[in-house]
């Protein structure tokens with residue numbers, strides 16, 4: 001099921017919940033490097049957007065959690081993996097594009 005992040009508020013909500021999932025996965029399987037990498041990138045995304053900051057293009061170009069999701073996370077393994085896979089793809093797309101936020 002595809003969906004799209006539509007606002008900054010939704011981006012930040014999805015980011016926080018995905019950080020929690022990534023942290024749990026990284027702690028559960030510490031030897032699986034992609035989980036550590038994804039967690040570090042999600043935390044960088046949080047830092048680069050804190051307090052309303054717009055991430056620099058160079059920062060946006062450094063994020064590849066979508067690619068990691070496609071290569072390393074089997075979306076067919078189970079529902080949780082499928083959800084994590086989709087969250088990473090959506091966050092990657094929104095962050096790399098960083099569209100103007102819709103007015104409230």
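What follows is calculated from the coordinates using simple rules that are stated; it is not laboratory data. These numbers come from a predicted model, not from an experiment. Reconstructed Cβ throughout: ideal geometry from the backbone, glycine too, with neighbour counts over all protein chains shown.
Mind counting the residues in segment 26-36 that are under 16 Å from residue 74 (Cα atoms) and either in contact with a strand residue (DSSP E or B) (Cβ under 8 Å, 6 or more places away or on another chain) or surrounded by 15 or more Cβ atoms within 10 Å (Cβ to Cβ) (or both)?
Here the count works out to 3.
Quick check: anything in segment 31-41 in contact (Cβ under 8 Å) with a residue 40 or more places away in the chain and closer than 13 Å to residue 87 by Cβ?
So far as segment 31-41 goes, yes, one or more of its residues are in contact (Cβ under 8 Å) with a residue 40 or more places away in the chain and closer than 13 Å to residue 87 by Cβ.
For segment 11-25, indicate whether the set of residues that are surrounded by 11 or more Cβ atoms within 10 Å (Cβ to Cβ) and more than 15 Å from the chain's Cα centre (by Cα) is non-empty.
For segment 11-25, residues surrounded by 11 or more Cβ atoms within 10 Å (Cβ to Cβ) and more than 15 Å from the chain's Cα centre (by Cα): absent.
Can you tell me which condition residue 88 does not meet? The list is (1) surrounded by 15 or more Cβ atoms within 10 Å (Cβ to Cβ); (2) touching a residue at least 60 places away in the same chain (Cβ under 8 Å); (3) out of contact with any helix residue (DSSP H, G or I) (no Cβ under 6 Å at 6 or more places or on another chain), and all the others hold.
Condition not satisfied by residue 88: (3).
Please go through segment 19-34 and give me each residue that is outside any helix (DSSP H, G or I) and touching a helix residue (DSSP H, G or I) at 6+ places or on another chain (Cβ under 9 Å), ordered by number.
29, 30, 32
Just to be sure before I move on: is residue 44 free of Cβ contacts under 8 Å to residues at least 24 places away in the same chain and either part of a loop (DSSP other than H, G, I, E, B) or touching a helix residue (DSSP H, G or I) at 6+ places or on another chain (Cβ under 9 Å) (or both) in the structure I sent?
When the stated conditions are applied, residue 44 passes them.
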